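These notes concern the structure reproduced below.
Just so you know, all these numbers are worked out from the coordinates, no wet-lab data involved. Because the structure is a prediction, the values reported are computed rather than measured. Here the Cβ is made from the backbone with ideal geometry for all residues, glycine too, and neighbour counts use every protein chain on show.
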Amino acid sequence: MGGSVELGETHHEAIVREVDEELGARILDLVHLGVVENIFRIDGELGHELVALYTGRLVPAPADEGGTLTESDGSVVPVVWRPFDDAGLAEPLYPAAANEWLRDLCR
C-alpha cells in the first residue's frame with residue numbers, strides 16, 4: 001500500500017483515506033510510530049520521501065491470504081501481509097529503512 005498526503009491533509013488523515021480507497025477498510029486505534037526518510041533512485045532519477053509509520057487495526061480484518069487492493073487506475077493487485085520477522089522472504093519491505101526500524105521496535 002502506498003499513497004501521498006494531499007494538499008491540506010495531515011498524514012493521519014491520508015492514511016485513513018488511503019486505507020479506505022485501497023482496501024475498502026476502516027482503520028481503528030491508529031498510532032503514529034515515527035518517520036523514515038528514504039532517498040532512492042527510480043528510472044535513473046533521484047527521489048526523496050518521508051514515510052510515516054503507523055500501527056492500527058483494520059475493520060474488517062484482512063484475510064491471511066488472497067487480499068487485494070485497488071489502484072487509482074482501477075487495477076486490482078495482490079496484498080501480502082508480512083510478519084515483522086520477514087528476513088526469509090524474497091520480496092523486500094519498502095523502504096528498507098522501515099524494515100530495520102520496525103525490527104528495532106519489536107525487540
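Below, the figures for the structure above:
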{"quantity": "Ranked packing of 94-101, 63-70, 18-25, most packed first, by mean Cβ within 10 Å", "calculated": "18-25, 94-101, 63-70"}
{"quantity": "Within the chain: Cβ-based charge dipole about Cα centre, in debye rounded to nearest 20 (Lys, Arg +1; Asp, Glu -1)", "calculated": "380 debye"}
{"quantity": "Three-way shape label, the chain, alpha-carbon gyration tensor, a/c 1.5", "calculated": "rounded"}
{"quantity": "FRET efficiency estimate (nearest 0.05) - Cβ-Cβ, LEU93 to GLU71, R0 25 angstrom", "calculated": "0.80"}
